[in-house]
Amino acid sequence: MQRDRISTEAQKASRQRQIEENRSLTVNSNSKTNKQEYQSSPSTLLDDLSTSIDTDILLTDSTYLLPPQPQQILLSPEDLQRVENVSLFYQKRIEFAARDGLPWDPSVHANTFLQVLNRQSVSAIRLLSFFKQIPEFNQLNSDDKVTLVKSNLITILGIYCALSYNTETGQIIESTSDVPVNMQFFPILHGYKMCMRSGKIFRSFLQLGKYDRKIIELILIILILTKGISVPNHYEKQILNDEMSVYRAQTCYIELLWKYIQVTHGYEKAVNLFSQLIGDVISWQMIHQEMRNDVFRTLSPDDINGLVPVLRSLMHIL
């Protein structure tokens, strides 16, 4: 009996050493890879602000906390078609938004602080055009759709921009007919420390988008269906008329994202990606509230009067 107990303890110790060795090898390997990739990329505003911050997407290895890999999950033909449809809807967003009309001409340079803010309304309308093509979103209660858009869209814009960021030029540009988004006010408005913090999180989404942009496209849908992700604390809690329908739609896309990542990239990488995504989204949610406050402190009465209606609505300005 004692010999069996000693043997069991030795086996546990051996397994624990093996786990720690695997974690160490993973961290070292990912850190070296990230360093090589970063050194080969051009210097941009966001890169310069986050050079001292490690933002590896797959840096945190969470798989040692989980049970052995479960039975393999397969994407059905319907699932695969839904993933492809999401990408198609995303590509069509600019065309659909232009058809409905834009509140600002994206081919015109935004030079003043007010113009830079109003330019964001173009990205907001284009992102909304993407969501309007999602069947599960369209089927929701009309008032609930308005509530979700007003509560969530302004925060999601920052993550959405990661898919339009050109790493070679260091510019955000959604369409070839657009002029690049003017970023000159960002460090002045938010300060160096905020640029460092936001640059770290944005770079993580940027790397993930380069790794597999379909993941970002799916997470955008999940986030628009997340109740009150960006409603400021001083606003009353948003109430949905049919909360269960929103929950079912969101759960549907969470499961689709998980199956897609696991089938496409493997179980262990799926766990790490999900863990990183959750952390990045929470971090972005928190930091965006601070950036929102910076904007409100800077807006003058004349600026508020000059905001386009859609932006006033998204910023909860009456």
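The values are calculated or read from the model by the stated rules, or taken from the named source; none is laboratory data. Since the structure is predicted, the reported quantities are computational estimates derived from the model, not experimental observations. For neighbour counting, all protein chains shown are included, and Cβ atoms are generated from backbone atoms with ideal geometry for every residue, glycine included. We work out accessible area using only protein heavy atoms, side chains counted, and drop any ligands, DNA or RNA first. Shrake-Rupley method; radii C 1.70, N 1.55, O 1.52, S 1.80 Å.
Each residue of the range 303-312 in turn: what ³J(HN,Hα) in whole Hz from Karplus with 6.51, -1.76, 1.60 and θ = phi - 60°, glycine and Pro shown as x?
The phi angles translate into 4, 4, 5, x, 5, 5, x, 5, 6, 4 Hz.
If you take the square roots of the eigenvalues of the alpha-carbon gyration tensor of the range 177-318 and sort them as a ≥ b ≥ c, do you get rounded (a/c under 1.5), prolate (a/b over b/c) or oblate?
oblate
On the accessible surface of the range 111-169, probed at 1.4 Å, how many percent belong to carbon and sulfur atoms?
47 percent
Once each part is reduced to its C-alpha centroid, what is the distance from the range 242-318 to the range 105-165 in angstrom?
Spelled out, the Cα-based centre of one part sits 11 Å from the other.
Could you give the length gained on full extension between Arg248 and Gln184, defined as 0.36 nm per residue of separation minus the Cα-Cα distance, in nm? Let's see the in-between values first.
Numbers: separation 64, 0.36 × 64 = 23.04 nm, distance 4.14 nm.
Net length gain for the segment: 18.9 nm.
Rounded, prolate or oblate: pick one for the range 84-145, where a ≥ b ≥ c are the square roots of the eigenvalues of its C-alpha gyration tensor, a/c under 1.5 means rounded, and failing that, prolate if a/b is larger than b/c, else oblate.
Prolate.
Mind giving me the nanometre distance, one decimal, between the label points for Lys92 and Asp303, set 7 Å out from Cα along Cα→Cβ?
Each label point lies 7 Å from its Cα, and together they span 3.8 nm.
What is the list of residues in the range 148-175 whose amide nitrogen lies under 17 Å from a point 7 angstrom out from the Cα of His316, following Cα to Cβ?
Counting only backbone N, you get 148-157.
Structure shown: which of Lys200/Lys259; Lys132/Lys193; Lys150/Lys269; Lys193/Lys259; Lys227/Lys259 lie over 32 Å apart, alpha-carbon to alpha-carbon?
Lys132/Lys193; Lys150/Lys269; Lys193/Lys259
Rounded, prolate or oblate, given the Cα gyration tensor of the range 160-222, with a/c below 1.5 counting as rounded?
oblate
Collect residues whose amide H, placed 1.01 Å from N in the peptide plane, falls under 5 Å from the amide H of Gln171; neighbours closer than 5 in sequence don't count.
Asn166
Report the net charge of residues surrounding Ser123, where surrounding means a beta-carbon distance below 14 angstrom and charges are Lys +1, Arg +1, Asp -1, Glu -1. If you can, show how the numbers build up before the last one.
Numbers: positive: Arg93, Arg119, Arg126; negative: Asp105, Glu174, Asp178.
Here the charged neighbours net out to 0.
Between Lys193 and Ile173, take the C-beta separation as r, use R0 = 25 Å, and let me know the FRET efficiency to the nearest 0.05.
About 0.40, to the nearest 0.05.
Take the Cβ-Cβ distance between Thr112 and Glu290 as r, set R0 to 25 Å, and report the resulting FRET efficiency rounded to the nearest 0.05.
Calculated transfer efficiency: 0.60.
What is the sum of charges, Lys and Arg at +1 and Asp and Glu at -1, for the other residues whose Cβ falls under 14 Å from the Cβ of Thr155? Present the calculation step by step, with values, prior to reporting the outcome.
Details: positive: Lys150, Lys227, Arg292; negative: Asp280, Glu290.
So the environment of Thr155 carries a net charge of +1.
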